[in-house]
Ligand SMILES: [Ca+2]
Ligand SMILES: [Ca+2]
Ligand SMILES: [Ca+2]
Ligand SMILES: [Ca+2]
């Protein structure tokens, strides 16, 4: 019975509050950033690097460094901005017990190269260390903002999907500073990069308390609205239906069973559907009259629980759904 249905038509619909082709907006005030995400209709995802289970392999102390090539936390894959470097978390954060950084710092090839990097002006590009870190997300992100700190007045810039957005003068930091950006066009990767540190002068950056702007998940079931076949009825991986199914849609019309009382698929839920329901009431899987589409909660039995769900659906069109066509 357990059905994990792939989101076949992901992204077909867009959230109406998201406007296209707007320039990214920089924020240096966390409250203003969070408020702008809310006003824009976005949900938020917060990363404080405190989850010991998720971040276990990256935990380190000054005396006993530990690091790992990558960590996937809440759908964000965190890596260093140099492929051969690792990432680490230790007691360098702005709050809680842990913050985040790349380990080692910057381009591992600079200090070992034969290139002469002890010049100040102009500084060859090969001399820059560019300490930093990257996050990649399969789901589209619309904002990234967090507390950044660096040594020696770190110059921090930001790349979204490989394109530099920058922080301008705001990216010149020497104490914990909030740096954020909202890009309503969406992005799937970001990089915070230090652009001033060079050979013989490592300038490091660290991060903590990062908040992402994400598409909304109205019912909080772990499937964002743009992929949720029952936007207002929890039926996703975090809140499975009574049968343990996620996104169960037995007639494959794009509306999950939990929000699809339209048993004859004419776009309406009316007496015709009620009559179909009645035929299946008090049947179980395997019975002659069992109708899998009328098993709204997916538990293999059509009983009072399903009737109660049908009552809510009666006289309403199926959905709302990401991916239905009515
Ligand atoms: Ca949802
Ligand atoms: Ca359906
Ligand atoms: Ca109908
Ligand atoms: Ca049932």
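Quick notes on this one:
- Principal-axis analysis of the Cα atoms of the chain puts helix 30-39 at an angle of about 30° to the longest axis.
- Counting only DSSP H runs of at least 4 residues, each contributing -39500 (n - 2.57), and dividing by the residue count of the chain, the helix-based mean residue ellipticity at 222 nm comes to -3000 deg cm²/dmol.
- Inverse mean reciprocal Cα-Cα distance (Kirkwood Rh) of region 25-214, Å: 16.7
- Annotation: peptides 33-46, 288-301, ranked by per-residue average of other Cβ atoms within 10 Å with the highest first, follow the order 288-301, 33-46.
- Hull volume in cubic angstrom per residue (convex hull over the Cα atoms of the chain): 151
- DSSP-defined antiparallel bridges as percent of all bridges, the chain, nearest 5: 95
- Contour excess over end-to-end distance, with Cα ends at residue 44 and residue 287 and 0.36 nm allotted per residue: 82.9 nm
- Relative packing of peptides 135-146, 303-314 - highest average C-beta neighbours within 10 Å first: 135-146, 303-314
- P(r) weight above 23 Å for region 177-263, C-alpha pairs, percent: 49
- Ranking of 193, 315, 206 by neighbouring Cβ atoms within 10 Å, starting from the fewest: 315, 193, 206.
- The C-alpha atoms of the chain define a longest principal axis, and helix 271-280 lies at about 90 degrees to it.
- Range of Cα positions in region 103-255 per principal axis (Å), largest first: 68, 29, 24
- Share of pairwise Cα separations in region 268-322, more than 17 Å, in percent: 32
- Region 225-313: projected area of the alpha-carbon convex hull, averaged over directions, in nm²: 5.4
Bear in mind these aren't lab numbers, they're just calculated from the coordinates by the rules spelled out. Since the structure is predicted, the reported quantities are computational estimates derived from the model, not experimental observations. Every residue, glycine as well, gets a Cβ built from its backbone with ideal geometry; the counts of neighbours run over all protein chains shown.
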